[in-house]
Amino acid sequence: MTKIVLKDTRKTEVVELPSFPGSRVELYDGLLFGQIKQIEKAQSNFDRGVMTLIFLIKDWNFTDENGKKLPVEERVLNSFPAQDLTFLLRKATKILEEAQKKTKKS
């Protein structure tokens, strides 16, 4: 029997936020099953959107004043201008729609 290593096979895409020239946000192209289960437990569509963003952001180049990298979490997302969160939510929606289309073709 062949052994298969279970690893994250998602691809990523990098975007720049409108309010932060030079920013680099790396987004996964889909969610993991366990993440979907967690998102479904959220109380509102807004909470589901924020949670989805947190799960889709693999990495970014945002730091605090001391150069320490900021974690990808709701507390930090709350500090972004609304237009940047809207941009990321639209991008996340597009990514998930494209992933769904690929799944339907398979």
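Bear in mind these aren't lab numbers, they're just calculated from the coordinates by the rules spelled out. Predicted, not measured: the structure shown is a model, and the values here were computed from it. Counting neighbours? That spans all protein chains shown, and the Cβs are built from the backbone with ideal geometry, glycine included.
If you take all other residues with their beta carbon under 15 Å from the beta carbon of W60, and give Lys and Arg +1 and Asp and Glu -1, the sum is -2.
Springs between alpha-carbon atoms under 10 Å, Gaussian network over the chain: tell me which of G30, G67, G49 tops the mean-square fluctuations. Residue with maximal mean-square fluctuation among G30, G67, G49: G67. Label separation (E98 vs A82): 2.8 nm, computed from points 7 Å beyond Cα along the C-beta direction. Here the simple spin-label model places points 7 Å from the Cα toward Cβ, and for R90 and D59 these points are separated by 2.7 nm.
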